[in-house]
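Engineer: Input: one structure, supplied below.
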Amino acid sequence: MKEYWEITQERAVASLAVWGMKPEFELRNLTRAGHSATTQQLSQLATNRAQQEGDLSDARAVHEELAAKLHELIVRVPGIIEGMLLEEDALHDQLDLVFAVDANVSEASDLRRARLLVGLWADFNAQLAALQPPKPALIVPYKIPNSDGPASNVGQADFGALITLCETRLQEEANAVREVSKAKAALRGAERKVDRDNKRWYLAWMKMYPVGTPEGDAAKTQVPTEEGVAPPVALEIATLTVNVDRTVTLLYPENGGEHATTLELQSRLPGDADFGHTMPVLRPQQTVGPFPGGRR
């Protein structure tokens, strides 16, 4: 299915071909050369948009993998430390602060809990080192889900670095979302200009060269217009089912989406600045996800 800008571009290319019959024909602030240049821009802007969307997808994949690792550790490590503390240990006060932060709300909540946990982890390691004989620092194995690779060992310093990396990747993803938004806006703006200029040209051309003249007949037969085209209809979601594996299954009705040039599913998660998650619609149903732990 053609995108909106491709339809406008094809119409403009056809118009430019007819315009070539009288290349000296001009409108105020609109020449054939200028219209050709803005028409060619559409492909370049669409390529840039695709590149930015690819960069966003890559940034999101890296970020979500790190966020999933952070989430698992902030759930597991406090339980490990709790099981190793004596009932009267003063570190229970810090542990209570960690547990007071819900780990199943948002990534911002995960990061708050992680910042509390990294201090507790350091103090717990110091306590282990002070024992007689001293015990080694707490090391936790972590394996990437659905990965064939070996598990890695995570210590307190590694966990602190993970927090910093998650914050950095979160900002990089936010920057990528903005770049996608800017690229989409640039393409839409250019498409609207080409569309307006093309309609201006067509109306003026048909006044100058009416049907019955070679120029007018060429425009009438070769340039597609929007006459009689119905407006696009939005495609609604019939049902939405949240699955236990952090995926969501969507069911679409038979009708809807008529006359649309593209059908995209857009979504966002808590903490996202925009609806930066986009994917093609697959009828009659599709499953999206899994989303990172701690997101709703």
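Engineer: Quick one: is Asn153 exposed (fewer than 12 other Cβ atoms within 10 Å of the Cβ) and in contact with a Pro (Cβ under 7 Å, 6 or more places away or on another chain)? I'd like the intermediate steps shown before the answer.
Structural biologist: Details: exposed (fewer than 12 other Cβ atoms within 10 Å of the Cβ): yes; in contact with a Pro (Cβ under 7 Å, 6 or more places away or on another chain): yes.
Answer is yes for this residue.
Engineer: What's the number of the condition Thr47 fails, among (1) farther than 14 Å from Arg196 by Cα; (2) in contact with a helix residue (DSSP H, G or I) (Cβ under 8 Å, 6 or more places away or on another chain); (3) of a type outside the set (Gly, Ala, Ser)?
Structural biologist: For Thr47, the failing item is (2).
Engineer: Separate question: Evaluate the range 128-140: report whether one residue or more is surrounded by 13 or more Cβ atoms within 10 Å (Cβ to Cβ), at pLDDT 95 or above and part of a helix (DSSP H, G or I).
Structural biologist: Looking for residues that are surrounded by 13 or more Cβ atoms within 10 Å (Cβ to Cβ), at pLDDT 95 or above and part of a helix (DSSP H, G or I), one finds at least one in the range 128-140, hence yes.
Engineer: Let me ask another. Within the range 63-79, work out how many residues are in contact with a helix residue (DSSP H, G or I) (Cβ under 6 Å, 6 or more places away or on another chain) and loosely packed, with under 14 Cβ neighbours inside 10 Å.
Structural biologist: 0
Engineer: Still on this structure: Give Asp102, Asp55, Asp110, Asp123 a once-over and let me know the one that is of a type in the set (Asp, Glu) and closer than 19 Å to Pro290 by Cα. Reasoning before the result, please.
Structural biologist: Details: Asp102 fails: closer than 19 Å to Pro290 by Cα; Asp55 fails: closer than 19 Å to Pro290 by Cα; Asp123 fails: closer than 19 Å to Pro290 by Cα.
Testing whether each residue is of a type in the set (Asp, Glu) and closer than 19 Å to Pro290 by Cα leaves just Asp110.
Engineer: So which residues in the range 141-166 are in contact with a helix residue (DSSP H, G or I) (Cβ under 9 Å, 6 or more places away or on another chain) and either in a strand (DSSP E or B) or outside the structural domain of Val118 (by TED's automatic domain parsing) (or both)?
Structural biologist: Residues satisfying the conditions are Tyr142, Ser152, Val154.
Engineer: For the range 71-97, which residues satisfy the criterion of being of a type in the set (A, V, I, L, M, F, W, C) and over 26 Å from Val244 (Cβ atoms)?
Structural biologist: Keep residues of the range 71-97 that are of a type in the set (A, V, I, L, M, F, W, C), which gives 73-75, 77, 80-81, 84-86, 90-91, 95, 97.
Scanning the range 71-97 gives Ile81, Met84, Leu85, Leu86, Ala90, Leu91, Leu95, Leu97.
Engineer: Does the range 80-108 hold any residues that are surrounded by 15 or more Cβ atoms within 10 Å (Cβ to Cβ), within 31 Å of the chain's Cα centre (by Cα) and not in a helix (DSSP H, G or I), and which are they?
Structural biologist: Answer for the range 80-108, where residues must be surrounded by 15 or more Cβ atoms within 10 Å (Cβ to Cβ), within 31 Å of the chain's Cα centre (by Cα) and not in a helix (DSSP H, G or I): Val101, Ala103, Val105, Ser106.
Engineer: Could you tell me whether Val62 is assigned by TED's automatic domain parsing to the domain that holds Glu173, within 22 Å of the chain's Cα centre (by Cα), of a type in the set (A, V, I, L, M, F, W, C) and closer than 30 Å to Pro141 by Cα? Reasoning before the result, please.
Structural biologist: On the way: assigned by TED's automatic domain parsing to the domain that holds Glu173: yes; within 22 Å of the chain's Cα centre (by Cα): yes; of a type in the set (A, V, I, L, M, F, W, C): yes; closer than 30 Å to Pro141 by Cα: yes.
Yes; evaluated as a whole, the condition is true for this residue.
Engineer: Starting from the range 1-22, take each residue that is surrounded by fewer than 18 Cβ atoms within 10 Å (Cβ to Cβ) and modelled with pLDDT of 95 or more and list its partners that are in a helix (DSSP H, G or I) and basic (Lys, Arg), counting only C-beta distances under 8 angstrom and pairs at least six apart or across chains.
Structural biologist: Gly20/Arg32
Engineer: Search the range 166-185 for residues being surrounded by 15 or more Cβ atoms within 10 Å (Cβ to Cβ) and among the aliphatic types (A, V, I, L, M), and hand back the single one that is farthest from Asn48 (Cα to Cα).
Structural biologist: Filtering the range 166-185 for residues that are surrounded by 15 or more Cβ atoms within 10 Å (Cβ to Cβ) and among the aliphatic types (A, V, I, L, M), the one farthest from Asn48 (Cα to Cα) comes out as Leu170.
Engineer: Moving on to the next point. Assess whether Val101 counts as being touching a Ser or Thr at 6+ places or on another chain (Cβ under 7 Å) and of a type outside the set (Asp, Glu). Full working, then the answer.
Structural biologist: On the way: touching a Ser or Thr at 6+ places or on another chain (Cβ under 7 Å): yes; of a type outside the set (Asp, Glu): yes.
It is true that Val101 is touching a Ser or Thr at 6+ places or on another chain (Cβ under 7 Å) and of a type outside the set (Asp, Glu).
Engineer: Do you know which residues across the range 1-58 are polar (S, T, N, Q) and more than 20 Å from Ala219 (Cβ to Cβ)? Give the derivation first.
Structural biologist: As a first pass, look at the range 1-58 and keep what is polar (S, T, N, Q): 8-9, 15, 29, 31, 36, 38-41, 43-44, 47-48, 51-52, 57.
Passing the criteria: Asn29, Gln40, Gln41, Ser43, Gln44, Thr47, Asn48, Gln51, Gln52, Ser57.
Engineer: Right, here's the next one. Hey, does the range 109-116 have a residue that's out of contact with any helix residue (DSSP H, G or I) (no Cβ under 9 Å at 6 or more places or on another chain), in contact (Cβ under 8 Å) with a residue 40 or more places away in the chain, under 23 Å from Arg169 (Cβ atoms) and in a helix (DSSP H, G or I)?
Structural biologist: Looking only at the range 109-116, we keep the residues that are out of contact with any helix residue (DSSP H, G or I) (no Cβ under 9 Å at 6 or more places or on another chain), and these are 109, 112.
Within this subset, residues satisfying the condition of being in contact (Cβ under 8 Å) with a residue 40 or more places away in the chain are 109.
From what's left, under 23 Å from Arg169 (Cβ atoms): 109.
In the following step, the residues that additionally are in a helix (DSSP H, G or I) were identified as 109.
There is at least one residue in the range 109-116 that is out of contact with any helix residue (DSSP H, G or I) (no Cβ under 9 Å at 6 or more places or on another chain), in contact (Cβ under 8 Å) with a residue 40 or more places away in the chain, under 23 Å from Arg169 (Cβ atoms) and in a helix (DSSP H, G or I).
Engineer: Moving on to the next point. Of all residues in the range 23-68, which are part of a helix (DSSP H, G or I) and either on the phi > 0 side of the Ramachandran plot or among the polar types (S, T, N, Q) (or both)? Show your work before the answer.
Structural biologist: Initial filter on the range 23-68 (part of a helix (DSSP H, G or I)): 32-68.
The answer is Ser36, Thr38, Thr39, Gln40, Gln41, Ser43, Gln44, Thr47, Asn48, Gln51, Gln52, Ser57.
Engineer: Does Ala37 satisfy the condition of being in the same structural domain as Gln222 (by TED's automatic domain parsing), surrounded by fewer than 16 Cβ atoms within 10 Å (Cβ to Cβ) and at pLDDT 95 or above? Full working, then the answer.
Structural biologist: On the way: in the same structural domain as Gln222 (by TED's automatic domain parsing): yes; surrounded by fewer than 16 Cβ atoms within 10 Å (Cβ to Cβ): yes; at pLDDT 95 or above: yes.
Spelling it out, Ala37 is indeed in the same structural domain as Gln222 (by TED's automatic domain parsing), surrounded by fewer than 16 Cβ atoms within 10 Å (Cβ to Cβ) and at pLDDT 95 or above.
The values are calculated or read from the model by the stated rules, or taken from the named source; none is laboratory data. Computed from a prediction, not measured in an experiment: that's the story for all the values here. Neighbour counts run over all protein chains shown; Cβ positions are idealised from the backbone, glycine included.
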